[in-house]
Amino acid sequence: MSTRIGLVGAGFIAGRHVESLTALDGVTVAGVADPQADRAQRLAERAGARAYATWEDLLGGETLDALYVCVPPHQHGAVEDAAVDAGLPLFVEKPLATDLPTAERLATRIEAAGLLTAVGYHWRYLDTLEQARALLADAPPRLLLGAWLDKAPNVPWWARQDQSGGQTVEQATHLLDVGRVLAGEVTGGFATGGRSPDGPGDVLDVCTASLRFASGAVGTFSNSCVAPRGYRIGVQVVAPGLGLDLTEHDLRITDAAGERTVPRQRDPIAAEDAAFVAAVRGEGDDVRAPYAEALRTHRLAVAVARAAADGGTVQL
Ligand SMILES: NC(=O)c1ccc[n+]([C@@H]2O[C@H](COP(=O)([O-])OP(=O)(O)OC[C@H]3O[C@@H](n4cnc5c(N)ncnc54)[C@H](O)[C@@H]3O)[C@@H](O)[C@H]2O)c1
């Protein structure tokens, strides 16, 4: 029997998920909901699905096995509540919300319901991240340098603090997540940031944080959205006798043997979708960022963003 999936939101990332979901055997994208009717219609056509104006209509109109939530950060809450009420497995795009209370509240409900969830921290499915972890098993990280230096994405909600949560929460969260995967939990630190009067929007356009990990490692994570394009997006790691430079595309390894660059072998978004669908079918157990795990990264991102905006100290 086919696994029937509904999508809420028909923007950029929903399109990426449709691409990988429709390539999987035994998956039907049954419905797509978006208040922008042309988008819902276009993506539904691509997926062979029905278009809906709202997620309420989608949930009422289709029998589903799982729901993808691909909405802007400020639209999280009610749709996840409805999925919990319906006992519907949930794939939620990062960030979990613009704020922490919404995500904490949903996490409590999801936990109580025992709902299967996955969150779109797709860097966790980079085979190159797995390779980095293997190399670091014998030489634990001492220093991490994360940077997301980019331009502001051209979507209407992104540069609005109340709609996106700002760049650290919205984008650099991927790097903080990688930092947690490679070096473990952060215990505290400091952050500072700034906002240009000329924008974009009302978000901090520069932010930098110095963080301590429970392991004794330290790291700096910086982001800016005033670069002309994405020219540096990744995490560098220094460990005894080892240097690593991970981007979404490849891993540069520096060790006693010299330097080599390993390109990634698989599309991490396709891999995360395949893992989620397998879990929904009861055929797999490789969801790497369930909601509760993603919440730990979101907590860190919110703490860094808050410290950068008004205080300096990262409080976890
Ligand atoms: N994992 C990744 O690397 C990755 C990449 C891009 C985007 N994202 C995340 O995905 C989310 C969406 O980003 P995007 O780039 O697709 O944005 P987008 O603006 O292209 O698409 C969002 C869509 O959601 C729709 N929408 C808004 N409120 C809705 C609601 N209540 N119900 C249904 N649809 C609604 C909008 O009309 C829009 O079409 C963001 O949180 C973003 O951070 C993740």
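Quick notes on this one:
- Under the convention that each Lys and Arg Cβ holds +1 and each Asp and Glu Cβ holds -1, the size of the dipole of the chain around its Cα centre is about 660 debye.
- Cα gyration tensor shape of segment 20-87, rounded if a/c is under 1.5, else prolate or oblate by comparing a/b with b/c: oblate
- Cβ-based net charge around I13, under 13 Å, with every Lys or Arg adding one and every Asp or Glu removing one: -3
- Relative contact order of the chain: 19 percent, from C-alpha pairs under 8 Å at least 6 residues apart in sequence.
- In order through segment 26-32: 3J(HN,Hα) via Karplus (6.51 cos²θ - 1.76 cosθ + 1.60), integer Hz, x for Gly, Pro: x, 10, 10, 7, 8, x, 10
- Of the trypsin sites (Lys or Arg not before Pro) in segment 214-287, those whose Cβ has at most 15 other Cβ within 10 Å and which sit in DSSP loop: R229, R266, R281
- If you sort the three axes of the alpha carbon gyration tensor as a ≥ b ≥ c, you get a/c of 1.5 or more for segment 211-316 and a/b no higher than b/c, which makes it oblate.
- Accessible surface of the chain, 1.4 Å probe, proportion on carbon and sulfur as whole %: 51 percent
- With Rh defined as the Kirkwood radius, the inverse of the mean 1/r over Cα pairs, the Rg/Rh of the chain is 0.97.
- Per residue, the Cα convex hull of segment 106-157 amounts to 190 Å³.
- With K and R counted +1 and D and E -1, the other residues having a Cβ less than 11 Å from that of G31 yield a net charge of -1.
- Separation in nanometres of the label points that stand 7 Å from Cα toward Cβ, at A292 and T54: 3.3 nm
- Other residues whose C-beta falls under 13 angstrom from the C-beta of D267 contribute a net charge of -2, scoring Lys and Arg +1 and Asp and Glu -1.
- Å² of accessible area per residue within the chain, as computed with a 1.4 Å probe and no ligands counted: 43 Å²
- Cα shape, segment 71-176, gyration tensor, a/c 1.5 rule: oblate
- Which of L143, P228, A301, positive extreme of dipole for the chain (C-beta unit charges): L143
- Where both bridge residues fall in the chain, DSSP classifies roughly 60% of the beta bridges as antiparallel.
- Largest GNM mean-square fluctuation across A257, A217, A33, computed for the chain with C-alpha springs under 10 Å, falls on A257.
- With helices as the sole contributors, the chain gives -10500 deg cm²/dmol at 222 nm; each DSSP H run of n ≥ 4 counts as -39500 (n - 2.57), and the sum is divided by every residue.
- Relative contact order [Cα under 8 Å, 6+ residues apart], segment 18-175, whole percent: 18 percent
- If you take the Cα centroid of segment 69-107 and the Cα centroid of segment 119-175, the two points sit 20 Å apart.
The values are calculated or read from the model by the stated rules, or taken from the named source; none is laboratory data. Computed from a prediction, not measured in an experiment: that's the story for all the values here. A quick note on method: Cβ atoms are made from the backbone with ideal geometry, for glycine too, and the neighbour counts reach across all protein chains shown. The area values use the complete protein model at the heavy-atom level, side chains included, leaving out ligands, DNA and RNA. Shrake-Rupley method; radii C 1.70, N 1.55, O 1.52, S 1.80 Å.
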